[in-house]
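Take a look at the structure set out below.
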Amino acid sequence: TRIEEKSADCATYSSIGNKCAFFMAMVIVGVLLLIGLQMINPSTIVMEDGSAVTISTAALVAAIPFGLFFIIMPFIAMLIKKTIPVTGTLYCMSVGYCISLMAQLFAEYRDAISLALIITIAIVAVMALVYSRGWIKVDDKFRSIMKILFFTSIVSGLLMLVAYFIPQLRGIVMFVAENPVLSLAGSVVYVVIASLFLLVDFDAIQNAVEGKMPRKYEWIAAFGLAFSVIWLFLKVLDLILKMTGKNDSDK
């Protein structure tokens with residue numbers, strides 16, 4: 001929103017859409033990569049619940065760098081936006097890899113992932129309608145509120161993580177994590193925040209095109225939308241798992 005640069009070779013909706021589709025395709029590439037690694041000397045391991053899972057050592061080893069990409073790449077993209085074509089690609093591939101790996105290791109994730117995908121698509125469609133009809137106005141005040149909510153969610157998550165390693169505070173963290181009402185309420189709030197962020201991304205894309213910004217800003221707009229869609233999917237998935245009582249992270 002602070003960019004006033006204009007160009008004759010300006011951003012277009014179709015080009016931004018193609019770049020966003022590229023990022024989504026990289027998620028699928030991550031899934032296919034796991035499938036390929038699964039074919040390399042797969043072996044059977046027994047999980048803590050006694051279930052047997054077929055997984056290859058190569059797939060588990062590859063989970064280490066992809067797990068790091070999943071955590072680090074969004075922050076690098078945020079701080080150094082010119083790296084988005086690379087960092088965004090690695091992030092989206094890591095999402096596809098990590099989610100498909102979870103589905104491979106934990107059977108309860110498989111149905112939840114399909115349902116989360118359907119719900120995410122529905123929410124994106126609804127929010128696109130809300131934005132196109134102007135039912136919610138995306139102005140500077142709205143962006144400021146969303147920015148506060150975003151950083152509050154990050155800080156609160158970090159504080160909970162730090163508090164867990166402090167013996168005096170661990171009981172509070174476990175109470176919040178294991179309380180079904182608080183846990184579900186928190187997940188619902190995250191889903192709402194992620195949904196509202198879609199409006200900010202739609203507005204950013206419109207500003208880039210109608211403001212005649214150079215094509216280099218297409219990557220920023222495209223990754224912003226792709227990241228919000230993925231973030232929404234992950235929050236919807238987390239909510240579904242908690243509603244069905246299958247979120248192992250709360251145990």
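Place the peptides 91-99, 213-221 in order of packing, highest mean first, counting for every residue the other Cβ atoms within 10 Å and averaging per peptide. Before the final figure, lay out each step's value.
Details: 91-99: 24.3, 213-221: 20.3.
Going by the mean number of other Cβ atoms within 10 Å, highest first, we get 91-99, 213-221.
Stick to Cα atoms and the Kirkwood definition of Rh, then tell me Rg/Rh for the stretch 56-167.
On the way: Rg = 17.8 Å, Rh = 17.3 Å.
The Rg/Rh ratio comes out at 1.03.
As I understand it, the value is the acute angle between the Cα axis of helix 167-178 and the longest principal axis of the Cα atoms of the chain; what does it come to in degrees, rounded to 10?
With both axes taken from Cα atoms, the answer is about 80 degrees.
Which residue, Ala116, Ala163, Ala204, has the most motion in a Gaussian network model of the chain that connects Cα atoms within less than 10 Å?
Of Ala116, Ala163, Ala204, the most mobile in the Gaussian network model is Ala163.
Can you compute the radius of gyration and Dmax for the chain, using only the Cα atoms, both in Å?
19.6, 62
Treating only the Cβ of Lys, Arg, Asp and Glu as charged (+1, +1, -1, -1), what charge dipole size does the chain show about its Cα centre? Round to the nearest 20 debye.
560
Measuring with a 1.4 Å probe in the full set of protein chains, what accessible area per residue, in whole Å², belongs to the stretch 168-251?
Here the per-residue accessible area is 46 Å².
Over the stretch 107-230, what is the mean sequence separation of C-alpha contacts under 8 Å (at least six apart), divided by residue count, expressed as relative contact order in percent? Don't skip to the end; give the middle numbers.
On the way: 55 pairs, mean separation 37.8, N = 124.
So the answer I get is 30 percent.
Using the beta-carbon distance between Val155 and Lys81 and R0 = 30 Å, what value does 1/(1 + (r/R0)^6) give for FRET efficiency, to the nearest 0.05? Walk me through the intermediate numbers first.
Details: r = 22 Å, r/R0 = 0.74.
It comes to 0.85.
Quick one: putting +1 on the C-beta of Lys and Arg, -1 on the C-beta of Asp and Glu, what dipole do you get for the stretch 66-180 around its Cα centre, in Debye to the nearest 20?
460
Kindly report the accessible area of the stretch 94-145 per residue (heavy atoms of protein chains, probe 1.4 Å, no ligands, DNA or RNA), in Å². Don't skip to the end; give the middle numbers.
Values: 2940 Å² over 52 residues.
In whole numbers, the stretch 94-145 has 57 Å² accessible per residue.
How large is ³J(HN,Hα), in whole Hz, for each residue of the stretch 92-109 in order, when computed from phi with the Karplus curve 6.51 cos²θ - 1.76 cosθ + 1.60 and θ = phi - 60°, using x for Gly and Pro?
Using θ = phi - 60°, the values come out as 5, 5, 5, 4, x, 5, 5, 5, 5, 5, 4, 5, 6, 7, 10, 4, 5, 6 Hz.
In the chain, what percent of the accessible surface is made up of carbon and sulfur (1.4 Å probe, ligands and nucleic acids excluded)?
Carbon and sulfur together cover 71 percent of it.
The values are calculated or read from the model by the stated rules, or taken from the named source; none is laboratory data. Keep in mind it's a predicted model, so treat the numbers as computed, not measured. Note: ideal-geometry Cβ built from the backbone for every residue, glycine included; neighbour counts use all protein chains shown. Side chains are part of the model used for accessible areas, which takes the heavy atoms of the whole protein and leaves out ligands, DNA and RNA. Shrake-Rupley method; radii C 1.70, N 1.55, O 1.52, S 1.80 Å.
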